[in-house]
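These notes are about the structure you will find just below.
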Amino acid sequence: MSLLMEIERYLRRTGIAATTFGRRAINDPRLVGDLRRGRVPGERTRRRIEAVLRAGVR
């Protein structure tokens, strides 16, 4: 499953806004919107996002 698909599923499941997720993950409220428009995260950013996804709802 792609990272963006995992994020979208997480957002639906938790009800967290995309901007809130971006702030929590990498302090960038535009993260999810940018990913939806084709942004490709670097390895460090990907690891930080995956850590938030694994941690679940905060």
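Under a 1.4 Å probe, what is the accessible area of the chain per residue, stated in Å²?
Numbers: 3840 Å² over 58 residues.
On a per-residue basis, 66 Å².
If you roll a 1.4 Å probe over the chain with all protein chains in place, what percent of the accessible area is carbon or sulfur? Carbon and sulfur atoms account for 47 percent of the accessible area of the chain.
Taking a ≥ b ≥ c as the square roots of the eigenvalues of the Cα gyration tensor, the chain is rounded, since a/c falls below 1.5.
The values are calculated or read from the model by the stated rules, or taken from the named source; none is laboratory data. Fair warning: this is a prediction, and the values are worked out from it, not measured in the lab. Remember, those area values only see protein heavy atoms, side chains included, never the ligands or the DNA or RNA. Shrake-Rupley method; radii C 1.70, N 1.55, O 1.52, S 1.80 Å.
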